[in-house]
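Reviewing the structure listed below.
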Amino acid sequence: MQITIVGGGVIGLFSAWHLAKAGHEVSVVDKGDFSDNCSFGNAGMVTPSHFVPLAAPGVVAQGLRWMFRADSPFYIRPRLNVELMKWLWRFYRSCNARQAEAAMPVLLDFNLLGKKGYLEFEKETGLDFKLRKEGILMLYKDAHVEKEELEMAEKASALGLEPKVLTATEVADFEKGVELDVRGGVFYPADAYMYPNILMKLLKEKLGEKGVRFYPNTEIAGFELKGNKIGALKSSSQYFEADAFLIAAGSWTGKLLKKAGIHLPLQDGKGYSVTLKKPAHRPQHACILVEARVAVTPMGDDLRFAGTLELSGLAAGVNRRRVQAILDSIPQYFPKFEMPQTDPGSAWYGYRPCTPDGLPYIGYLRKYENLMVATGHAMMGLSLGPATGMLVEQLIAGNPDERYAKFFDPNRYL
Ligand SMILES: Cc1cc2nc3c(=O)[nH]c(=O)nc-3n(C[C@H](O)[C@H](O)[C@H](O)COP(=O)(O)OP(=O)(O)OC[C@H]3O[C@@H](n4cnc5c(N)ncnc54)[C@H](O)[C@@H]3O)c2cc1C
């Protein structure tokens, strides 16, 4: 089958990988040059430990508290926008225990499938994208956060993960790269991490070897309709015909699908990262500084700090205060870490595609027989890339894993 994918992020490329392996003729079109998007500058974490959807009990109250602090890890750019209001209302409605509890085992299994996908991909291709399979540490300083993290560890144990709760001394024994000032931590051995920029570059090269065709700097601006099918995708100068089309355009997916009369609720969760090149000393293990909501990831010889979620309406530019808050959080946990002079304005940023219930959209859109979507992975797009690719290939083959197809049905708000 001929399949055209819009979007060369981790979701589009892993979909291309699984489709090409199944023998399909695949093209990937991107408005950029495949050298940067949300899939490059992220924290590089593969996180079965993140099985709670973004929309969960307590999130709204916490979000409201953060809204009024200029340096908080969450922010909504104030604007009168009907789509944002509707999205927030749906998000609010999804933040309940019943929905979150139902989603947790599904997200966990999909995350584990994603991790398995990375292990298989590494083995099959022999590519070195600095994958480290040695777990991730959650670090906390406050008693009430410790209580929340221990409750989370209990939930994780009940679902079959094997988290280890560590005292401050045990954390110090485990993490010898830097001195720590924390109350304790929870270690999730099933988690992993990598250098996503290297993954993306190598994955694209491998796809090229498999015969996948790439169309850089080509923005898809509309659809040619053929009854209840899409006949072609249109850019300003080209038509892309195919048997099936996959829209994996990240945070831009909602905007593009409107051109086909489909109104998919999606907001962008902008986040920032700063990468230090070969710092003299650094943590040996990847960790999340829980109160600060900052991820710290060793990537090869480099070290990356990442955080913040702003519903920004795809606004360009860096919010320097929020980047500074990420940088300022580091010495609070690593008091002796020598932070080089860093201009917050030079931070990388990307837009996480966020759905109102925190679950991705993966599947056929019922309005057109041959139009699929794969997006909305929010904080977990890197983790879930390979699993999403597998599900997309199953959907094309007509034999999807029904549990995932049901939970991630993109028609649930249409
Ligand atoms: C600071 C930060 C840290 C993160 N950390 C992690 C982490 O540790 N682990 C994890 O799992 N996830 C993490 N994420 C989330 C993860 O990066 C995203 O979920 C993921 O990259 C989304 O991938 P995507 O392919 O859907 O979108 P993208 O990577 O944004 O790709 C979409 C592509 O579509 C193209 N496109 C859009 N519209 C069009 C059009 N009309 N025509 C042609 N092309 C188009 C864009 O140019 C872009 O290249 C993080 C995100 C951020 C911001």
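The values are calculated or read from the model by the stated rules, or taken from the named source; none is laboratory data. Note that the structure is predicted; figures quoted are calculated from it, not measured. No Cβ is skipped: glycine too gets one built from the backbone with ideal geometry, and neighbour counts run over all protein chains shown. We work out accessible area using only protein heavy atoms, side chains counted, and drop any ligands, DNA or RNA first. Shrake-Rupley method; radii C 1.70, N 1.55, O 1.52, S 1.80 Å.
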Check: Counting only residues that are among the hydrophobic types (A, V, I, L, M, F, W, C) and either surrounded by 20 or more Cβ atoms within 10 Å (Cβ to Cβ) or touching a His at 6+ places or on another chain (Cβ under 6 Å) (or both), how many does region 338-355 have?
Finding: 2
Checklist line | Residue under evaluation Gly63, criteria (1) small (Gly, Ala, Ser); (2) part of a helix (DSSP H, G or I); (3) open to solvent by 40 Å² or more (accessible area, probe 1.4 Å), criterion not met | finding: (3)
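Of all the residues that make up region 7-44, how many are more than 6 Å from the ligand (Cβ to nearest atom), farther than 24 Å from Thr297 by Cα and open to solvent by less than 30 Å² (accessible area, probe 1.4 Å)? Even if it seems obvious, please write down each step before you answer.
Within region 7-44, the first condition is being more than 6 Å from the ligand (Cβ to nearest atom), and the residues that meet it are 13-28, 33-36, 40-41.
Filter again for farther than 24 Å from Thr297 by Cα, leaving 15-28, 33.
Cutting the leftovers down to open to solvent by less than 30 Å² (accessible area, probe 1.4 Å) gives us 15-17, 19-20, 26-28.
Within region 7-44, residues that are more than 6 Å from the ligand (Cβ to nearest atom), farther than 24 Å from Thr297 by Cα and open to solvent by less than 30 Å² (accessible area, probe 1.4 Å) number 8.
Taking Lys255 as the residue in question, decide whether it is farther than 23 Å from Ile76 by Cβ and within 10 Å of the ligand (Cβ to nearest atom).
Numbers: farther than 23 Å from Ile76 by Cβ: no; within 10 Å of the ligand (Cβ to nearest atom): yes.
When the stated conditions are applied, Lys255 does not pass them.
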Next item on the list: Any chance you could count how many residues in region 297-334 are touching a Lys or Arg at 6+ places or on another chain (Cβ under 8 Å), more than 20 Å from Leu54 (Cα to Cα) and open to solvent by less than 10 Å² (accessible area, probe 1.4 Å)?
Entry: 5
Check: Any idea how many residues of region 339-366 are within 13 Å of the chain's Cα centre (by Cα) and among the aliphatic types (A, V, I, L, M)?
Finding: 1
Notebook entry, point to check: When you go through (1) within 11 Å of the ligand (Cβ to nearest atom); (2) part of a loop (DSSP other than H, G, I, E, B) one by one for Leu382, which number turns out not to apply?
Noted result: (2)
Margin query: Criterion first (more than 20 Å from Gly269 (Cα to Cα), open to solvent by 10 Å² or more (accessible area, probe 1.4 Å), touching a residue at least 24 places away in the same chain (Cβ under 8 Å) and more than 13 Å from the ligand (Cβ to nearest atom)) does Pro105 satisfy it?
Written below: yes
Note to self: So Arg322 ticks every box in (1) assigned to a strand (DSSP E or B); (2) within 12 Å of the ligand (Cβ to nearest atom) but one. Which box is left unticked?
What the structure shows: (1)
Margin query: List pairs: first residue in region 348-373 and free of Cβ contacts under 8 Å to residues at least 60 places away in the same chain, second residue in a loop (DSSP other than H, G, I, E, B) anywhere in the structure, Cβ distance under 6 angstrom, at least six positions apart or on different chains.
Written below: Pro360/Gly376; Pro360/Phe408; Ile362/Phe408; Gly363/Asp409; Gly363/Pro410; Arg366/Asn411
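Residue-by-condition table, conditions (1) in contact with a Pro (Cβ under 7 Å, 6 or more places away or on another chain); (2) more than 30 Å from Tyr413 (Cα to Cα); (3) among the acidic types (Asp, Glu):
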{"site": "Ser27", "(1), (2), (3)": "no, no, no"}
{"site": "Phe91", "(1), (2), (3)": "yes, no, no"}
{"site": "Leu112", "(1), (2), (3)": "yes, no, no"}
{"site": "Lys115", "(1), (2), (3)": "yes, no, no"}
{"site": "Leu119", "(1), (2), (3)": "no, yes, no"}
Check: Which condition number in (1) farther than 25 Å from Tyr413 by Cα; (2) within 11 Å of the ligand (Cβ to nearest atom) is the one that Asp173 fails?
Finding: (2)
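Only residues that are over 30 Å from Leu127 (Cα atoms) and touching a Ser or Thr at 6+ places or on another chain (Cβ under 6 Å): list them for region 290-313, please. Working first, answer last.
The first filter runs over region 290-313 and keeps only residues over 30 Å from Leu127 (Cα atoms), leaving 290-293, 308-313.
Ala292 - this is the single residue of region 290-313 that is over 30 Å from Leu127 (Cα atoms) and touching a Ser or Thr at 6+ places or on another chain (Cβ under 6 Å).
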Margin query: Just to check your reading of the model, which residue among Glu122, Glu134 is within 30 Å of Glu205 (Cα to Cα), touching a Phe, Trp or Tyr at 6+ places or on another chain (Cβ under 8 Å) and of a type outside the set (A, V, I, L, M, F, W, C)?
Written below: Glu122
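Tell me the residue from Gly208, Gly184, Gly177, Gly227 that is surrounded by fewer than 18 Cβ atoms within 10 Å (Cβ to Cβ) and in contact (Cβ under 8 Å) with a residue 12 or more places away in the chain, please.
Details: Gly208 fails: in contact (Cβ under 8 Å) with a residue 12 or more places away in the chain; Gly184 fails: surrounded by fewer than 18 Cβ atoms within 10 Å (Cβ to Cβ); Gly227 fails: in contact (Cβ under 8 Å) with a residue 12 or more places away in the chain.
Checking each option against the conditions leaves just Gly177.
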Note to self: Criterion first (within 15 Å of the ligand (Cβ to nearest atom) and either under 21 Å from Gln341 (Cβ atoms) or surrounded by fewer than 18 Cβ atoms within 10 Å (Cβ to Cβ) (or both)) does Val294 satisfy it?
What the structure shows: yes
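Sort through Glu162, Glu209 and tell me the only one that's within 24 Å of the chain's Cα centre (by Cα) and either farther than 30 Å from Gly389 by Cβ or not hydrophobic (A, V, I, L, M, F, W, C) (or both).
Details: Glu209 fails: within 24 Å of the chain's Cα centre (by Cα).
One residue alone meets the criteria, Glu162.
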